[in-house]
Amino acid sequence: MLSRRNIRVKVMQTLYSVEAMETTKPGEPDKIFHTKIEDTHELLSYLATYLTQVALYAESYAIRKANKHLPTESDRSVNTKIAGNTILWEILGNASFKKSQEKFKTLYLFEKEQIRKSFLKLLDTPEYKEYISIEARDRKSEKGILEFILENLMLSDADFLSDGEEKLIQWTDDMDAAIVQLKIALDKPSAVDFLEPLSEDKMAFGLNLLHTVTEKNEYCLELIKPKLRNWDVERIALLDMILMKMGVCELLYFETIPTKVTLNEYIDIAKEYSTEKSGHFINGILDNIHKELEAKDKIHKKNFNKTLK
């Protein structure tokens, strides 16, 4: 589910958290890193739970309408087709989805009023009206209406997005990965593992990067400091320093990752997560260090046809 860039970001966040601690217990960085990985599972569970609850609300809506003091004929005949959506129920029956809801308490992360408002917006859309107008069920339309809710009533809704950002710290970092996985779940609901662990190679990459930066901290500083020229080391943004150390470690100790990939990744991460000028700054420092290490024959990379990103 997570790309190597996602993993780099989680290593960066872990190192930042460790830097903020006065003391660090043995194994603490690894625990923080594993928690960062689980954050993606929590976001996936949150999105899937909200989506399913909006669809299921059709039943509650129908009951409330029918129980009005003076219900009309239309109140008594609210269409609840979406509450029986076949893909919806396959997701609800997915054992890993149930476990993720229990683990992260995602059913308690939003108010029922939020769900009600989203469902009422759905009622007025042409897409929903077309969906309930057809009595038969087919895989394409069942999936289509759930995708419509995801794209138009969740990911395009300012209230939903701002509320999610407030509740989940990983909202921005992990959203793309979680959306990809949720769309896979809509395609193959019973096959998706909502608590899918990282593959062995990706977990090894993340932990190796974390440990290497920690163990080689002083050596990285020896390489970085001379390149700073008039910059005061103490005044450089902590995040920029962490990213430079990570970049140096990849250049020196990760022989299967091409130097170009390393340089591009840390420039892009700096632009996204640090200051406005960080990308240019880190590019200059890492490029300078790279040239120096190349001249001293200290960088040795394996030549693979398929680069690791």
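For the reader, a short list of remarks on this structure follows.
- For the range 2-41, filtering for residues that are assigned to a loop (DSSP other than H, G, I, E, B), on the phi < 0 side of the Ramachandran plot and of a type outside the set (Val, Ile, Thr) leaves 7.
- Close pairs (7 angstrom Cβ cut-off, 6 or more residues apart or separate chains): over 14 Å from ILE7 (Cβ atoms) in the range 266-278, assigned to a loop (DSSP other than H, G, I, E, B) anywhere: SER274/ALA237; THR275/ALA237; SER278/ALA237
- Options LYS143, LYS103, LYS117, LYS99; residue that is of a type in the set (Lys, Arg) and either under 21 Å from SER60 (Cα atoms) or touching a Gly at 6+ places or on another chain (Cβ under 9 Å) (or both): LYS117
- Residue match in the range 251-265 (condition: surrounded by 13 or more Cβ atoms within 10 Å (Cβ to Cβ) and closer than 30 Å to THR86 by Cα): no
- Some residue of the range 188-200 being assigned to a helix (DSSP H, G or I) and either touching a helix residue (DSSP H, G or I) at 6+ places or on another chain (Cβ under 9 Å) or on the phi > 0 side of the Ramachandran plot (or both): no
- Among residues of the range 234-260 that are closer than 14 Å to LEU293 by Cβ, those with a beta-carbon under 6 Å from a residue that is aromatic (Phe, Trp, Tyr) at least six positions away or on a different chain give the pairs GLY247/TYR266.
- Some residue of the range 178-187 being out of contact with any His (no Cβ under 8 Å at 6 or more places or on another chain), modelled with pLDDT under 95, charged (D, E, K, R) and not assigned by TED's automatic domain parsing to the domain that holds HIS290: no
- Filter result for LYS216 (modelled with pLDDT of 95 or more, of a type in the set (Lys, Arg), over 22 Å from SER17 (Cα atoms) and surrounded by 15 or more Cβ atoms within 10 Å (Cβ to Cβ)): no
A quick yes/no check of all residues on (1) hydrophobic (A, V, I, L, M, F, W, C); (2) surrounded by 18 or more Cβ atoms within 10 Å (Cβ to Cβ):
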| residue | (1), (2) |
| --- | --- |
| ARG64 | no, no |
| LEU70 | yes, no |
| LEU107 | yes, no |
| ILE134 | yes, no |
| GLU151 | no, no |
| SER156 | no, no |
| MET175 | yes, yes |
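- Qualifying position, being within 19 Å of the chain's Cα centre (by Cα) and in a helix (DSSP H, G or I), among GLU151, GLU130: GLU151
- Listed by first and then second residue, the pairs linking a residue in the range 89-102 that is farther than 12 Å from LEU146 by Cβ to a residue that is of a type outside the set (Gly, Ala, Ser) and surrounded by fewer than 18 Cβ atoms within 10 Å (Cβ to Cβ), with Cβ atoms under 7 Å apart and 6 or more places separating them unless they lie on different chains, are SER96/ASP193; SER96/LEU195; LYS99/LEU195; SER100/LEU195; GLN101/LEU107.
Let's see how each residue does on (1) touching a Phe, Trp or Tyr at 6+ places or on another chain (Cβ under 6 Å); (2) over 23 Å from LYS140 (Cβ atoms):
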position	(1), (2)
LYS81	no, no
TRP89	no, no
LEU92	no, no
GLN101	no, yes
THR106	yes, yes
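- Among residues of the range 55-74 that are within 22 Å of ASN152 (Cβ to Cβ), those with a Cβ under 7 angstrom from a residue that is in a helix (DSSP H, G or I) and small (Gly, Ala, Ser), sequence gap 6+ or separate chain, pair up as ALA55/ALA83; LEU56/ALA83; ALA58/ALA83; GLU59/ALA83.
- Selection of the range 90-108 for residues being among the polar types (S, T, N, Q) and either in contact with a strand residue (DSSP E or B) (Cβ under 8 Å, 6 or more places away or on another chain) or part of a helix (DSSP H, G or I) (or both) yields SER96, SER100, GLN101, THR106.
- Residue check for LYS117: closer than 24 Å to SER45 by Cβ, assigned by TED's automatic domain parsing to the domain that holds SER60 and assigned to a helix (DSSP H, G or I): yes
- The set of residues in the range 38-68 that are hydroxyl-bearing (Ser, Thr, Tyr) and over 27 Å from the mean Cα position of the chain (by Cα) comprises SER60, TYR61.
The values are calculated or read from the model by the stated rules, or taken from the named source; none is laboratory data. Note that this is a predicted model, so its numbers are computed, not measured. All Cβ positions, glycine included, derive from the backbone under ideal geometry; neighbour counts span all protein chains shown.
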